[in-house]
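What follows is a short report on a single structure.
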Amino acid sequence: MELSANAQALSYLISAILFILALKGLTHPASARRGNFFGMVGMALAIGATLLGSEVQNYGWILTGVLGGALIGIFIALRIQMTAMPQLVAALHSFVGLAAVLVAMGTFLNRSAENTLNAVLMGELSAGIIIGAITFTGSVIAFGKLQGLISGKPVRFSGQHVLNALIALITLALGVHFALSGSSWSLVLMTLLALLLGITLIIPIGGADMPVIISMLNSYSGWAAAATGFTLGNPLLIIVGALVGFSGAILSYIMCRAMNRSILNVVFGGFGSEGGESAGAQAAERGIRSASVEDVVYWIEDANLVIIVPGYGMAVAQAQHALKEMMDLLEARGVTVKFAIHPVAGRMPGHMNVLLAEADIPYDRVYEMDEINPSFAMADVALVVGANDVVNPAAKEDPSSPIYGMPILEAGKAKQVYFLKRSMRPGYSGVDNLLFYQENTSLVFGDAKETIEGIVAALKGTGH
């Protein structure tokens, strides 16, 4: 069965509409499942229409690639932990970039043999290779940082920005030369420099900015896909690439606004470290208060409002299911429980929302920063589970702090703050948290999941 050009075009149009509906669905947790469904149906239709098109002459290698990729994807999906989802997303972005480079090079070699190259196509090939190569190596570096294979600390050296600008200008010049001349050496040098630029652009980015970088690389992968669409003359790939490119750029802007920083400040002035134990010495000097599970239970079992602030530590401990059980027990006692989500909590956009949804925590209990901040002053208890930078008062009180000016969740305004932490290490940004030292704050040391399970057991033991 072979689709006519009109039938294929109609299928692509329907797929594009489904992709738009998918993006719309993903704007809210309650509709995210429906959005994912639309996206999967749209992709299945797009792949089917492409495979049945007149351009496909041999299915052998295609089916081998599809089956191999499907098996790898299923294996990874079954084994991946939610804590590793950010680095998986970075790895997938790298595949898109690499695919754009390979498609562009393959097209150049084929068209050269057929003598059908033209300046417009050559310009498209240049764009695809440059964007794809930057996306590929940039995503690989992001993956390495998130996976812990590379230090999360920013790697900076004198003249770094000048070097990046110089590499970018030479890469663009080689791209123009390649487009006009079809020179093979221009192609090779352009590709190598673009690969290098992806590395030098991302290594200065610290851990605290990694959610924005993941979003930005998502945008890059979209533009790489769009460039590939122009190369292949595939309108659907152009549409999908543009949707991903623009949505990633918009999300990056939204996240930068939530951090009160510009995208240029993130790219050229990123901060972050792997953290250290320096806060421990300060804790001893400044008299940080510690608390037990019994202390937490005493406060929360008869509270009117408890606000829970989840962070990456919750993801590492896989404590979301225990939190759901604790929420159910508290609500049975008439306690109102709310979850507060900061836009850059975790290691990628929406990380905390996904984890809470995985534990079947109702969407109407989950609030974004602007919605929940006025409620902290009325809360009896703020329970911070593995979060750090997103509740750090230094963002408001310390002009010398790297995070100064970043809007935060105002957990410190609650009557009592309990901070669940493994140790005194600072957050991913490496900035000491001033909230530790407030008079209404106590730290509960230990694994977050074990601590919450202890709270659950105690609540069951004191049940009415």
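The values are calculated or read from the model by the stated rules, or taken from the named source; none is laboratory data. It should be emphasised that the depicted structure is a prediction, and the values quoted were computed from it without experimental measurement. Ideal geometry is used to build each Cβ from the backbone, glycine not excepted, and the neighbour counts take in all protein chains shown.
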Those residues of the range 308-323 that are farther than 13 Å from VAL391 by Cα and part of a loop (DSSP other than H, G, I, E, B) come to a total of 2
Among helices (runs of 4 or more DSSP H) completely within the range 343-433, the ones holding 3 or more residues that are in contact with a Lys or Arg (Cβ under 7 Å, 6 or more places away or on another chain) are 369-376
Of the listed residues (GLY334, GLY311), the one being surrounded by 24 or more Cβ atoms within 10 Å (Cβ to Cβ) and either at pLDDT 90 or above or under 30 Å from GLY148 (Cα atoms) (or both) is GLY311
Out of (1) modelled with pLDDT under 80; (2) at negative phi; (3) not basic (Lys, Arg), the one GLY275 does not meet is (2)
In this structure, is GLY198 crowded, with 22+ Cβ neighbours inside 10 Å, at pLDDT 90 or above and either under 30 Å from PRO402 (Cβ atoms) or of a type in the set (Asp, Glu) (or both)?
yes
With the first residue restricted to the range 309-333 and required to be without any contact (Cβ under 8 Å) to a residue 40 or more places away in the chain, and the second required to be buried (at least 24 other Cβ atoms within 10 Å of the Cβ) and not in a helix (DSSP H, G or I), Cβ contacts under 8 Å at 6 or more apart or on different chains are MET327/ILE308
Criterion first (of a type in the set (Val, Ile, Thr), free of Cβ contacts under 8 Å to residues at least 40 places away in the same chain and not assigned by TED's automatic domain parsing to the domain that holds ALA44) does VAL188 satisfy it?
yes
Those residues of the range 45-72 which are among the hydroxyl-bearing types (Ser, Thr, Tyr), loosely packed, with under 11 Cβ neighbours inside 10 Å and assigned to a helix (DSSP H, G or I) amount to THR64
Just checking, does the range 104-113 include any residue being under 28 Å from the mean Cα position of the chain (by Cα), within 24 Å of VAL240 (Cα to Cα) and surrounded by 22 or more Cβ atoms within 10 Å (Cβ to Cβ)?
yes
By residue number, the members of the range 142-163 that are within 30 Å of MET105 (Cβ to Cβ) and either among the polar types (S, T, N, Q) or surrounded by 24 or more Cβ atoms within 10 Å (Cβ to Cβ) (or both) are ALA142, LYS145, LEU146, GLN147, GLN160
Within the range 439-464, of all residues that are more than 31 Å from the chain's Cα centre (by Cα) and in a loop (DSSP other than H, G, I, E, B), the one modelled with the lowest pLDDT is HIS464
Matching residues in the range 97-142 (more than 18 Å from GLY222 (Cα to Cα), assigned to a helix (DSSP H, G or I) and hydroxyl-bearing (Ser, Thr, Tyr)) number 2
For ASP328, state whether it is within 23 Å of LEU459 (Cα to Cα), acidic (Asp, Glu), at pLDDT below 90 and not in a strand (DSSP E or B).
no
Within the range 337-377, restricting to residues that are among the charged types (D, E, K, R) and under 11 Å from LYS324 (Cβ atoms), the one that is surrounded by the most Cβ atoms within 10 Å (Cβ to Cβ) is ARG365
Log entry, pairs with first residue in the range 11-34 being modelled with pLDDT of 90 or more, second being of a type in the set (Phe, Trp, Tyr), beta carbons closer than 7 Å, six or more apart or on different chains, reads LEU18/PHE38; LEU21/PHE38; ALA22/PHE38
